[in-house]
Amino acid sequence: MYKFKVITYKLLLNILLRLPNVFYAALFAIAFPIYKALHTERAYGRVEKHLDAAKGYLAAQDEGCAPGLNCAPGLNSAASGLNCASPLQKVTARDMFRGIFWNALDSYRGLARFKSVERRIVFENEDIIKGAVAECAKIGMPVAGISIHQGSFELMHRALCHYSEHVHLITDSVGDAAFRDVLAELRSDPHLTEYHPEETGRLIRELFRTKGILAMVYDQGKNTKGNTAELFGRQTTLYLRLIEKINRMGAGIVTFRTWTEMHGSPSRDSKYPEGSIVIRFETFYPPKYDETVAGKATSQAGESALVKDIASETERWIAEHPDQWSWNYHQNFVV
């Protein structure tokens, strides 16, 4: 039965990924109104509530930009240069579900190594990740590349394989054993090793042994404790405990994100051609960041500077590309 399921999943996945975009455009046009009607009190309703709250928060701030959304460059980071508040004020729940739909399709086509997706990927600020890897290598320490569920985020894990021969990826369990194995094969790369959340101890040992890169997304989690943080004036949970731990042990942290320049997106920027998938490296937090000059003031106030600064970055990323973040996740703004 297991082998039959694996063959079936692979066959279906190959067929579905090769269907033309016009099919998926029609599918979304038909399926979305039905989904909206069935989930008005659930996922769709949550998205509308969260968007309204975030818009209200931004509207209450002076000059249209909330604290932390001023696009100023942070420590060893690149200035954003993007409009922070305007896209969020324009976005609708439909925009978000449309963004998730097309980004998921791009993610799986990219993992399947479709040239039509790989040709659209653009990297920004590679000097940040290269510099972090080189600096940490001098002291025999690894790096973590961390991001959120935004854009075609599945592509970012493999992207880190450009910068290390040892990338360690944390993945959550989805579906049955056969489906998980099919996804693992799809994500596979000679330089990538997957771990389940319960294998954290082994992951840390291998990360520091290989001096590689830890890859993870930190805005969703299950069966694990997180950190209370603030996004758009509301408390939420970010799962940064592992990142805090390895940073205290000597690992450097690099934040990065991805988004797609979608037609009709409220966050569309003319800098790149329509359809471009941008993978942008943002900030390098050096080892033991809370003990640095930049982190001591916050840490002395009883907060982790690392968590606070990453939360601030996260808020800005969401504000800049609100239609491509998973507002529908049921644990958003829950502590």
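All of the numbers you see were taken from the coordinates with simple rules; none came from a lab. Owing to the predicted nature of the structure, the values given are computational and were not obtained by experimental measurement. Note that we place each Cβ from the backbone using ideal geometry, even for glycine, and neighbour counts take in every protein chain shown.
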Give the lysines whose C-alpha is closer than 16 Å to that of K55, dropping any in the same chain fewer than 8 places away, or say none. K90
For the chain, which DSSP H helices look membrane-span-like by this rule: Cα extent along the axis of 20 Å or more and mean Kyte-Doolittle of at least 0.5? 2-18, 21-38
Please compute the net charge surrounding M262, taking Lys and Arg as +1 and Asp and Glu as -1 over other residues with Cβ under 11 Å from its Cβ. -4
Backbone N under 19 Å from the K245 label point (7 Å along Cα→Cβ), restricted to the stretch 112-154: 141-147
For the stretch 253-269, 3J(HN,Hα) per residue [Karplus equation, 6.51 cos²θ - 1.76 cosθ + 1.60, θ = phi - 60°, Hz, x = Gly/Pro]: 10, 10, 8, 8, 8, 9, 8, 10, 7, 7, 5, x, 6, x, 9, 4, 10
Apply the Karplus curve 6.51 cos²θ - 1.76 cosθ + 1.60, θ = phi - 60°, to the phi angles in the stretch 213-228 and return the couplings in whole Hz, x for Gly and Pro. 10, 7, 10, 7, 9, 10, 9, 9, x, 9, 6, 8, 8, x, 10, 6
For the chain, what does -39500 (n - 2.57) per DSSP helix run (n ≥ 4), summed and divided by total residues, give at 222 nm, in deg cm²/dmol to the nearest 500? -14000 deg cm²/dmol
Can you list residues from other chains, or at least 5 along the same chain, whose modelled amide H is less than 5 Å from the amide H of A251? K288
Hey, for a label at M1 modelled as a point 7 Å past Cα toward Cβ, could you say which residues of the stretch 164-194 have their backbone N under 14 Å away? 176-179
Listing F4, F333 from the residue with the fewest other Cβ atoms within 10 Å to the one with the most, what is the order? F4, F333
Amide H partners (placed H, <5 Å) of L231, local residues excluded: T236
Going by C-beta contacts inside 10 Å, put S116, S276 in order with the fewest on the left. S116, S276
Pop a pseudo-label 7 angstrom from the Cα along the beta-carbon direction at both F123 and H191 and give the gap in nm to one decimal. 0.8 nm
Defining a contact as two alpha carbons under 8 Å apart and six or more residues distant in sequence, what relative contact order in percent does the chain show? 26 percent
Quote to one decimal, in nm, the extra length available between H39 and Y272 on full extension: 0.36 nm per residue of separation minus the C-alpha distance between them. 80.4 nm
Antiparallel content of DSSP bridges confined to the chain, in %, to 5: 45 percent
Which far-off residues, 5 or more places away or on another chain, put their amide H under 5 Å from the one on L214, with H placed in the peptide plane? V143, A144, G145, H168
Could you name the lysines whose alpha carbon sits less than 18 Å from that of K211, not counting residues in the same chain fewer than 8 places away? K130, K138, K245, K288
Would you mind telling me which residue in T171, T200, T260 has the biggest mean-square fluctuation in a Gaussian network model of the chain, where springs connect alpha carbons within a distance under 10 angstrom? T200
